[in-house]
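In what follows, a single structure is set out as structure tokens and then discussed.
The values are calculated or read from the model by the stated rules, or taken from the named source; none is laboratory data. Not measured: the values here are computed from a predicted model. FYI the Cβ positions are ideal-geometry reconstructions off the backbone, even for glycines, and counts take in every protein chain you see.
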Amino acid sequence: MSLIRQAPRLYDTKPWTAHLYLTDQCNLDCHYCNEYDNSLPHPDTDDLKKYLDKIRELGCLRIGFQGGEPLMHPDVVELVRYAKELGFLKVSMSTNAFLLTKPMLADLADAGLDSLQISVDRMTPIEATRKSLKTVRHKLAWFEDSPIKLVVAGVLFHDSVDEAARVIDECLKEGVRVHCRVIHDDLVNDRKLRLYPAVDGMQRVLDYQEELKRKGEAIHTSWRLLQYQKDMLAGKKNDWSCVAGYKYFFVSAQGQFWLCSQVRTDKHILDITPEDLTSYNHSKDCQDGCGVYCTVDMSLAVNDPIGYLVGEAKGIVRNGLIQLRRKATRLTERAPVRG
């Protein structure tokens, strides 16, 4: 039912999704990240609720809680509950899961959290990123009896690409949806993060995910986004128009309105009007090679709704048939042999 209720956002002029930073603080210091600042205090909970009110008033159907590390905010459960009470159809969160406990997971589920994305870059921690499967693997089993949908997400960069395929394999063994995506450029600090010499390795990991997805494995990404990343690494340009700031936008912990995590404005969310949002319905100078994949994926869907949905539907049908064949095979193998 929620998908049907969201369908109009493919065609109308209202925003679809927003991400709200619950805090700038983080308990980690991943070398590639520019989205944390431990010198800033947690924002006031009442202020965050005002931002949520405004985001919902503008028409957003989905809200994603970000950081920093959102679990560091002392009222994170209360904020999840408040978002559900406002009527958001989907409330999600991205976390490194270091602070996640079983009681906290239960509280988040009770508050109505729909999905949780755990960031994992490698099998083992290193200085560049401590987000490893070794650190949080035992927590994946907690979701077996939880209504919260789990996704494991990794960043492909030169220090992670060598272990990415194994992370994917191990997550699939645990029955967990997973994806690894190419690192994005750091536009905030006006510098590019180096893709080389890891481009060939990144390409192999993307090919591997595509192969697994064709086999019906739980690779949590769209076909078009996989192809987009492969084209990006090959230097090819895609014919698309970015909808950041229009269908999809970000709000900082201080209430600043950002088009995405890397393109920021000094405007305050409480001052944003529907007309402001529609003014961003155009191609952006920074969209070529963009690695803010949530906005890229939505842009691809909004630019060509029918083509996007047909492509994904074909994949869903194919994967469903694969799962049915697997189930039939298992039943046959278990059937008693009659002599």
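Here is how the numbers come out for the structure above:
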| quantity | calculated |
| --- | --- |
| Yes/no for Val310 being exposed (fewer than 14 other Cβ atoms within 10 Å of the Cβ) and not in a loop (DSSP other than H, G, I, E, B) | yes |
| Selection count where residues are among the hydrophobic types (A, V, I, L, M, F, W, C), over 18 Å from Lys267 (Cα atoms) and touching a helix residue (DSSP H, G or I) at 6+ places or on another chain (Cβ under 7 Å), scope the range 27-64 | 2 |
| Hey, Leu22 touching a residue at least 40 places away in the same chain (Cβ under 8 Å), of a type outside the set (Gly, Ala, Ser) and in contact with a strand residue (DSSP E or B) (Cβ under 9 Å, 6 or more places away or on another chain) or not | yes |
| Residue list for the range 200-246, filter: among the aliphatic types (A, V, I, L, M) and within 19 Å of Arg177 (Cβ to Cβ) | Val205, Leu206, Leu212, Ala218, Ile219, Leu225, Leu226 |
| Within the range 1-112, helices (runs of 4 or more DSSP H) holding 1 or more residues that are at pLDDT 95 or above and of a type in the set (Lys, Arg) | 45-58, 76-85, 102-111 |
| Hey, Tyr228 under 30 Å from Pro43 (Cα atoms) and either within 16 Å of the chain's Cα centre (by Cα) or crowded, with 18+ Cβ neighbours inside 10 Å (or both) or not | no |
| Cross-chain or 6+ apart pairs with Cβ under 7 Å, the range 242-271 first and within 17 Å of Asp37 (Cα to Cα), then in a helix (DSSP H, G or I) | Val251/Tyr51; Val251/Ile55; Val251/Ile269; Gly255/Asp47; Gly255/Tyr51; Gly255/Ile269; Gly255/Leu270 |
| Selected residue (only one of Glu144, Glu170 is closer than 29 Å to Lys230 by Cβ, in the same structural domain as Cys26 (by TED's automatic domain parsing) and either surrounded by fewer than 20 Cβ atoms within 10 Å (Cβ to Cβ) or touching an Asp or Glu at 6+ places or on another chain (Cβ under 6 Å) (or both)) | Glu170 |
| Any hit, the range 108-117, residues being under 23 Å from His19 (Cα atoms), in contact (Cβ under 8 Å) with a residue 60 or more places away in the chain, surrounded by 16 or more Cβ atoms within 10 Å (Cβ to Cβ) and acidic (Asp, Glu) | no |
| Within the range 25-58, tally of residues that are surrounded by 15 or more Cβ atoms within 10 Å (Cβ to Cβ), more than 22 Å from the chain's Cα centre (by Cα) and within 30 Å of Asp121 (Cβ to Cβ) | 2 |
